[in-house]
Amino acid sequence: MWSFLVEGTDQAVALLVGGTCLVDTLMLKQVCRQFAHLSKKAITHHLDDASPAIRVEALQATIRVAEETCIGDVKAILGRTEDKDASLRHLAVSALTYLVHGDDFEAPAVIDAGIRLLRDGDSTVRQAARSLLCTVARKGDRKVIAALVDIIQSEQACLRQEAIEALPEITIRGDEVAVAAVADCLSDESLAVRREAVATLGDIANYFDSDICELLCSHLTDPDPSFRCALAHASAILARLHPGTITMLISFLQDTHAEVRYRALLALGVVARKHLPPLI
């Protein structure tokens, strides 16, 4: 409503300026064409309204101003990332993702907000925060990586999984801190965390890292077939010539689950095509 205030209705004008009836609006008609500045000031005021519905309207109007002017009230939008209502936090973070760029002077404050929201109680807000950080922060940003590594130590499995999942978008392959943190999760009690960890190692560990290769091979007896599928895929990426990896993949050809056998066959095909013709 307020985002279209310049062309808006009498009722919208009355609501925005605090009028109690349309008589007040008639008195304000004469200044309607100069209302843009006043509307901006009033919108900012309503960002702190007690009603979530009004705060949403005000935030949407603030975002529209930022989109149209490219000058934007980033500070005002940033303030809504601390709103008590999850829908407003999500809206604010989503807007900041495309309004702010890595070289903007607001970027450090936006990144700090994104890091804080990685632990938000609402999963959609956390997802938006990860997207924000992957977009605004630079690849290899130590502050963001440190925050994700810290969250990997969380007692909540969902937070551990989400942090591991976000690392490939931020981390430069071979980052020792990130690789060590993820490697420790290969024995996590949560299947979702273990599976995410092995998949992420395939994306962030150095190619042909013998220690990581040995570590992956040591988990070939994991009881979950989906983990073993991910293990076959990651091993083929990282360790094409590692003897232990070849042995593990061959053993997977006898796995009781068809999908594991299929993944192992694909992985061996990748290896054999370039390096080990006899395997074909």
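The values are calculated or read from the model by the stated rules, or taken from the named source; none is laboratory data. It should be emphasised that the depicted structure is a prediction, and the values quoted were computed from it without experimental measurement. Here the Cβ is made from the backbone with ideal geometry for all residues, glycine too, and neighbour counts use every protein chain on show. Accessible surface areas use protein heavy atoms only, side chains included; no ligands, DNA or RNA. Shrake-Rupley method; radii C 1.70, N 1.55, O 1.52, S 1.80 Å.
Could you grab the pairs with beta carbons closer than 6 Å, sequence gap of 6+ or different chains, first residue in the stretch 85-111 and more than 15 Å from Arg64 (Cα to Cα), second one part of a loop (DSSP other than H, G, I, E, B)?
Once the first residue is more than 15 Å from Arg64 (Cα to Cα) and sits in the stretch 85-111, its partners that are part of a loop (DSSP other than H, G, I, E, B) give Ala86/Asp122; Arg89/Asp83; Gly102/Arg138; Glu106/Val100; Ala107/Val100; Val110/Val100; Ile111/Ala137.
Please go through (1) under 23 Å from Ala230 (Cα atoms); (2) buried (at least 16 other Cβ atoms within 10 Å of the Cβ) for Asp120 and return the number of the only condition it doesn't satisfy.
For Asp120, the failing item is (1).
Output the residue which, of all residues in the stretch 187-228 that are of a type in the set (A, V, I, L, M) and not in a helix (DSSP H, G or I), is least open to solvent (accessible area, probe 1.4 Å).
For the stretch 187-228, the residue satisfying everything is Ala205.
Could you say whether any residue in the stretch 237-246 is within 30 Å of the chain's Cα centre (by Cα), touching a residue at least 24 places away in the same chain (Cβ under 8 Å) and crowded, with 17+ Cβ neighbours inside 10 Å?
Taking every residue of the stretch 237-246 in turn, at least one turns out to be within 30 Å of the chain's Cα centre (by Cα), touching a residue at least 24 places away in the same chain (Cβ under 8 Å) and crowded, with 17+ Cβ neighbours inside 10 Å.
Do we have any residue at all in the stretch 161-170 that's more than 19 Å from the chain's Cα centre (by Cα) and either in contact (Cβ under 8 Å) with a residue 60 or more places away in the chain or open to solvent by 40 Å² or more (accessible area, probe 1.4 Å) (or both)?
no
Considering only residues that are surrounded by fewer than 18 Cβ atoms within 10 Å (Cβ to Cβ) and within 16 Å of Ala128 (Cβ to Cβ), which ones fall in the stretch 57-74? Step through it out loud before you land on a result.
Narrowing the stretch 57-74 to residues surrounded by fewer than 18 Cβ atoms within 10 Å (Cβ to Cβ): 60, 64, 67-71.
The one that is surrounded by fewer than 18 Cβ atoms within 10 Å (Cβ to Cβ) and within 16 Å of Ala128 (Cβ to Cβ): Gln60.
Test Leu231 against the stated conditions and say whether it is assigned to a helix (DSSP H, G or I), at pLDDT 90 or above, in contact with a Lys or Arg (Cβ under 9 Å, 6 or more places away or on another chain) and open to solvent by less than 30 Å² (accessible area, probe 1.4 Å).
So Leu231 passes the test.
Of all residues in the stretch 95-112, which are closer than 11 Å to Val74 by Cβ and small (Gly, Ala, Ser)?
The answer is Ala95, Ala107, Ala109.
Looking at the stretch 75-87, which of the residues that are buried (at least 22 other Cβ atoms within 10 Å of the Cβ) and out of contact with any Ser or Thr (no Cβ under 8 Å at 6 or more places or on another chain) is nearest to Thr62 (Cα to Cα)?
First, pick out the residues of the stretch 75-87 that are buried (at least 22 other Cβ atoms within 10 Å of the Cβ): 77, 80-81.
If we keep only those that are out of contact with any Ser or Thr (no Cβ under 8 Å at 6 or more places or on another chain) as well, we get 80-81.
Working: Arg80: 11, Thr81: 14 Å.
Looking at the filtered set, the residue picked out is Arg80.
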